[in-house]
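Here the structure is laid out as structure tokens; the discussion comes afterwards.
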Amino acid sequence: MKSATVDQKDILGCSDFTNYSYFSNSRSLSSEDTPNATSEKELGNDYFKQKKYAHAIECYSRSIALSPSAVAYANRAMAYLKTRRYEEAENDCTEALNLDDRYVKAYSRRATARKELGKLHASIEDAEFALRLEPNNQELKKQYAEIKEIFAKIAMKKISGAGKSSTQDSGNKRDSVSEIKIDVQDAQPQRSQMDSNGKISKKDPSVMKEVQSRRTPEDLNVRLGSQETHGSTPAKSQLDVSKDNHKEFMKHQSKESILEVASRAASRAKAAAAQNIATPKSAYEFEVAWRRLSEDRASQCLLLKTILPESLPQLFKNALSAPMLIEIIKCVAEFFREETNLAVNILDNLTRIGRFDMIIMCLSSKDKADLQRIWDEVVSSCAVTMEHAETLERLHSKYCPR
């Protein structure tokens, strides 16, 4: 009779099962001893508590091979984090979220993995979304604050570095001013080159030539000496005035440089985001993409148009929030007149999302007023086909219940 051990290994697709007690001595297994996904996951939990992370990873891997679950992926991700295998941890959290897109622990652990990988923007998004799902979770609040602090410090360093590089040329100009000062002082004639009245002797052209050759166009406002007016005290040196003006200029230029760098960075990020609009596969991916395109309604409209209206209920499931619903409706209003058929289909399928009626009922008075205004000014005022008119009449009671 063929050994059950070989059969079991073939079924599970694992090559290292002979290292475990239930396959030792090549004994045949009874149905009660046969491992399953749950028992493997629980065994992995036991190993994890004992800080035997390598064994825990193997158990979670077998559990996944037997029956993939979000919990098993998230647990293995936690074991990967403990062994500093951050990329594997990130991938496992993503797999967990593909199975359950509202699994808070998976978001939190992926935020940790991405933070360690230097993906701070994505890490913040994960931590923020986890906190939205559990707003009273103190651990999530702490994690979100820590990641944001790290992100802010790095952003400030980058901006400061850009500001320093933009003022480097101006720093060189300051050095040249000092050099001019030294040159002019060195160019002053020695007593042997002066006449009895303290003036430069015209008989010594070499001295005059040296002084003139040292002067540059930049030296025009840096001449030493004081300008005196009749019966007045000596005026402030033009060199000192030039220095004061230069300091003010540099201070102003530095501020402008930092603002310009930040503005250019924001513009580049917005342009790049608009060019890389992909169809989201979950409510989480939609919200992340939507926030990235904030203040850019045209790009948000493009994002919404990448989704088939019929797939909206499956995409959001029970994860649609009231603020997001209002944002989507405002976006639909932007292209309602030009693409009425698409707009009506989106509005119709939004009502099929789980808890839609509850969301509408719990809207704030301001949101309800905005919704009514959009319906009156855009939806009801457009000329539509008879079929669309009937659909919109039915939807009106859904969006604006009396």
message = I need a count of the residues in segment 62-74 that are within 23 Å of Glu116 (Cα to Cα) and either part of a loop (DSSP other than H, G, I, E, B) or not hydrophobic (A, V, I, L, M, F, W, C) (or both).
response = 1
message = With the structure loaded, tell me whether Ala77 is farther than 21 Å from Ala283 by Cα and in a helix (DSSP H, G or I) or whether it fails that test.
response = yes
request  = Could you check how many residues of segment 299-318 are crowded, with 19+ Cβ neighbours inside 10 Å and small (Gly, Ala, Ser)?
outcome  = 1
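Residues in segment 379-402 that are of a type in the set (D, E, K, R), farther than 17 Å from Asn341 by Cβ and part of a helix (DSSP H, G or I): how many? If you could, list the steps in order and put the result at the bottom.
So the first thing to find is which residues in segment 379-402 are of a type in the set (D, E, K, R), and the list is 387, 390, 393-394, 398, 402.
Those left that are additionally farther than 17 Å from Asn341 by Cβ: 398, 402.
Adding the requirement that they be part of a helix (DSSP H, G or I) leaves 398.
Adding up the residues that qualify gives 1.
Could you grab me the full set of residues in segment 343-375 that are among the charged types (D, E, K, R), open to solvent by 80 Å² or more (accessible area, probe 1.4 Å) and in a helix (DSSP H, G or I)? Walk me through it before giving the result.
The first filter runs over segment 343-375 and keeps only residues among the charged types (D, E, K, R), leaving 348, 352, 355, 357, 366-368, 370, 373.
Okay, now just the ones that are also open to solvent by 80 Å² or more (accessible area, probe 1.4 Å), so 352, 355, 357, 366, 368, 373.
Residues satisfying the conditions are Asp357, Lys366, Lys368, Arg373.
Sort through Arg102, Arg114 and tell me the only one that's in contact (Cβ under 8 Å) with a residue 24 or more places away in the chain and outside any helix (DSSP H, G or I). Even if it seems obvious, please write down each step before you answer.
On the way: Arg114 fails: outside any helix (DSSP H, G or I).
Unique residue meeting the criteria: Arg102.
For every residue, the table says whether it meets (1) over 21 Å from the mean Cα position of the chain (by Cα); (2) open to solvent by 40 Å² or more (accessible area, probe 1.4 Å).
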| site | (1), (2) |
| --- | --- |
| Pro68 | yes, yes |
| Lys82 | yes, yes |
| Thr94 | no, yes |
| Ala113 | no, no |
| Gly118 | no, yes |
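The values are calculated or read from the model by the stated rules, or taken from the named source; none is laboratory data. What you see is a predicted model, and the numbers here were worked out from it, not measured in a lab. Heads up, the Cβs are rebuilt from the backbone with ideal geometry, glycines too, and the neighbour counts pull from every protein chain shown. Accessible surface is based on the protein model in full, side chains and every heavy atom, while ligands, DNA and RNA are left aside. Shrake-Rupley method; radii C 1.70, N 1.55, O 1.52, S 1.80 Å.
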